[in-house]
Amino acid sequence: MKGLRWICLVLSLAIALPAAAVQPDEVLEDPVLEGRAREISKGLRCLVCRNENIDESNADLARDLRLLVRERLLAGDSDTEVVDFVTDRYGEYVLLKPLTTGANWLLWAAGPLMFLLAAGTAVVFLRGRSRAETPVEAGLSTEERARLQAIMAQDDHTA
């Protein structure tokens, strides 16, 4: 019974782990180059699966990109040159972590800037509200008081 629990635990952990989609025919013979290819692949988005890196995707385009990365590494490119080559070919969207250069800095900064703007607006609103004078109820003028007494006296006579 105890052995069955261990088997179930091991199987459930094996199922929960993401499976790499790299095919055996894609793996490079040099373990150093293969390690570099895996690291590069983790940072490249599958253009079919969207939020999956090409190392985990089973899409044909992901396979083509994995082969392209390995081909560039075999040609002697550095990791940066490989990423630049893929980015030039497919656009910056292929990067799972976009760069913070150019116009992208605005996208990276938009969230914190909007939060600061909202917090500043809330502080100004709350301070202005706390400083506002509370409305004072004005009493009746003498004319209004006389008119009210006349109406009340009239009601007393009719009732």
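Some points to look at:
- Pairs with Cβ under 7 Å, 6+ apart, first in segment 86-110 and of a type outside the set (A, V, I, L, M), second assigned to a helix (DSSP H, G or I): 87/94; 98/92; 98/104; 100/108
- Residue check for residue 111: within 30 Å of residue 42 (Cβ to Cβ) and part of a helix (DSSP H, G or I): yes
- Residues in segment 37-88 that are of a type in the set (S, T, N, Q) and not in a loop (DSSP other than H, G, I, E, B) were compared, and the one that is surrounded by the fewest Cβ atoms within 10 Å (Cβ to Cβ) is 80.
Read the figures in this text as sums done on the coordinates, not as results from a lab. This one's a predicted model, so the numbers in the text were calculated from it and none came from an experiment. We place every Cβ from the backbone using ideal geometry, glycine too, and count neighbours over all the protein chains shown.
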